[in-house]
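Here is the structure we will look at, set down as structure tokens.
Read-outs: derived from the displayed coordinates by stated rules, not from any lab. From a predicted model like this one, the values you see are computed outputs, not experimental measurements. With ideal geometry, Cβ positions are generated from the backbone for all residues, glycine too; neighbour counts draw on all protein chains shown.
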Amino acid sequence: MRIFVTGGTGLIGTHLVERLIDRGDQVLVLTRRPDMARQRFGERCRIVEGDPMQRGTWQNEVGDCHAAINLAGEPIFGRRWNSEFKALLVESRLKSTNHVLQALMTSGQKTGGDSRALVNASAIGFYGPRGDEELSEESSAGSDFLARLTVDWENAAYAADAQGIRVSVVRIGVVLDKAGGALSQMLTPFRLGLGGPVGSGNQWLSWIHHEDVVGILMLALDRYDVHGAMNATAPQPVTNREFARELGRALHRPAFLPAPKFALRLKFGEVADILTTGQRVLPRKAESLGYEFRFPTIDRALQNILCQS
Ligand SMILES: NC(=O)c1ccc[n+]([C@@H]2O[C@H](COP(=O)([O-])OP(=O)(O)OC[C@H]3O[C@@H](n4cnc5c(N)ncnc54)[C@H](OP(=O)(O)O)[C@@H]3O)[C@@H](O)[C@H]2O)c1
């Protein structure tokens, strides 16, 4: 298949692009940083220079692709939130989705119509903070800033449905990878023995190993019977306290020092609330489709990631 990817240089995108190339797909990576992308992928995929937030000639490249995987978005933890940055978090996702979709909609004749698909990133922030409630794809949306952002992001993607494009939105949990994201930020304090639970430690952390998030994105891409939302989280979420204990154990370090909620609020502002609240999300749809997790439990996931050189 010929596949157009936005956000292909990111944490998830890099693993995904590698996996698509390895299985023989032709991959086009849209990026604002072509030199960096060339360094990363070499000649193994086509690098398309462009900004998904802007219309441009890059959209012509989507024309003869069978599918697009849209992962682009300003990083949520990129900096302290203010109204300007919150607007960028929203716009970078909605505009990118609209522009990819516009381009994909013009591609029907070239690729044989019905097989076109849009796999759009979404996030478990869709559900908002939900205490101990078990959440599946059928659960309702939350109402905080991230939940509203995510609902709008998903709705932007669903607009392709009306054009005969199969749409799958993948609600991604906290991706564990040494190379970046939440885990990489925690490694230094935990290695120094300064790690521990965040806030009360009772909030749920719906995590996923980076190999499994790619596996679920590929499932959404490959299965013609998959439509709508699919959670990309491991089948066994843990509380933040359990996570801290397992990370400490994997690193052979004590992990008892709590990070108080007020201190995090002071340091990071509003975005700290993501760390001190959480949701208990279950991957019901992926499991019903027969997806077998490589890393279903946190101990196996951490051992694998931390043993990688
Ligand atoms: N990682 C997680 O734990 C997690 C959890 C839930 C949801 N997600 C979602 O999944 C998607 C991919 O996540 P990730 O962790 O791989 O993200 P990432 O590492 O931050 O990469 C995001 C990619 O989006 C592009 N991008 C960033 N800011 C942009 C902007 N302002 N305008 C246009 N493009 C921009 C960048 O591409 P170029 O610089 O090459 O143009 C970058 O490679 C994101 O939308 C994220 O919200 C991630």
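For the stretch 249-309, the list of GluC sites (Glu not before Pro) that fall in a loop by DSSP and count at most 15 other C-beta atoms within 10 angstrom reads E292. Each Lys and Arg adds +1 at its Cβ and each Asp and Glu adds -1 at its Cβ; summed about the Cα centre, the stretch 82-192 shows a dipole of about 500 debye.
Peptides 220-233, 23-36 ordered by packing proxy, namely the average of other Cβ atoms within 10 Å per residue, highest first: 220-233, 23-36. Note the count of lysine pairs whose C-alpha atoms are less than 30 angstrom apart in the chain, limited to pairs 8 or more residues apart or on different chains. Close lysine pairs found across the chain: 10. Sorting the segments 147-155, 95-103 by their residues' average number of neighbouring beta-carbon atoms within 10 angstrom, most packed first, yields 95-103, 147-155.
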